[in-house]
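What follows is a short report on a single structure.
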Amino acid sequence: MTINKKLDGSKLYAQVNGRIDTVTVTEADMILKADLDKVTDLTLDFKGLDYISSAGLRLLLSLQKQMNKQGSMKIVNVNETVMEIFEVTGFSDILTIE
């Protein structure tokens, strides 16, 4: 898993590649939350995300909860596999997916 971040003032854009699962979720959590306290607009680009496990879904819930308090979060470029996971788990109803 790799995460490429761009911080522009209060906007954070993060491109996530690979898998977010029990092996990578701790690293993903540290990387994504490192600058989050000063962010009001978070965009997660999942174009290169191949798979997300329940551990990754918990991370998304945590990010969404924090961003609800300080701004907004959206997820873009979701592939069919990840979108199916979001739909089956109900995450497609609680996340902003474009």
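The values are calculated or read from the model by the stated rules, or taken from the named source; none is laboratory data. Treat the numbers as computed from the prediction; the structure is a model and nothing was measured. Neighbour counts are summed over all protein chains in view; Cβ atoms, including those assigned to glycine, are modelled from backbone coordinates with ideal geometry. For the accessible areas, the whole protein counts, side chains as well, though only heavy atoms, and no ligand, DNA or RNA atoms are used. Shrake-Rupley method; radii C 1.70, N 1.55, O 1.52, S 1.80 Å.
Just a few scattered comments:
- Yes/no for Asp29 being free of Cβ contacts under 8 Å to residues at least 60 places away in the same chain, of a type outside the set (Val, Ile, Thr), touching a helix residue (DSSP H, G or I) at 6+ places or on another chain (Cβ under 6 Å) and open to solvent by 20 Å² or more (accessible area, probe 1.4 Å): yes
- Answer from Asp45, Asp21, Asp35 - the residue that is at pLDDT below 95 and either open to solvent by less than 80 Å² (accessible area, probe 1.4 Å) or in contact with a helix residue (DSSP H, G or I) (Cβ under 9 Å, 6 or more places away or on another chain) (or both): Asp35
- In the range 66-97, the residues that are within 20 Å of Leu7 (Cα to Cα) and charged (D, E, K, R): Lys69, Lys74
Rundown of residues vs (1) within 19 Å of Phe91 (Cβ to Cβ); (2) of a type in the set (A, V, I, L, M), yes/no style:
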| residue | (1), (2) |
| --- | --- |
| Leu7 | no, yes |
| Ser10 | no, no |
| Thr22 | yes, no |
| Ala28 | yes, yes |
| Leu44 | yes, yes |
| Arg58 | yes, no |
| Ser62 | yes, no |
| Gly71 | no, no |
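- Qualifying residue in the range 46-61 (condition: of a type in the set (Phe, Trp, Tyr) and over 24 Å from Leu7 (Cα atoms)): yes
- As for the range 73-82, it holds no residue that is of a type in the set (S, T, N, Q), at pLDDT 95 or above and in contact with a helix residue (DSSP H, G or I) (Cβ under 9 Å, 6 or more places away or on another chain).
- Residue tally, condition open to solvent by less than 20 Å² (accessible area, probe 1.4 Å) and farther than 13 Å from Leu57 by Cα, over the range 72-98: 1
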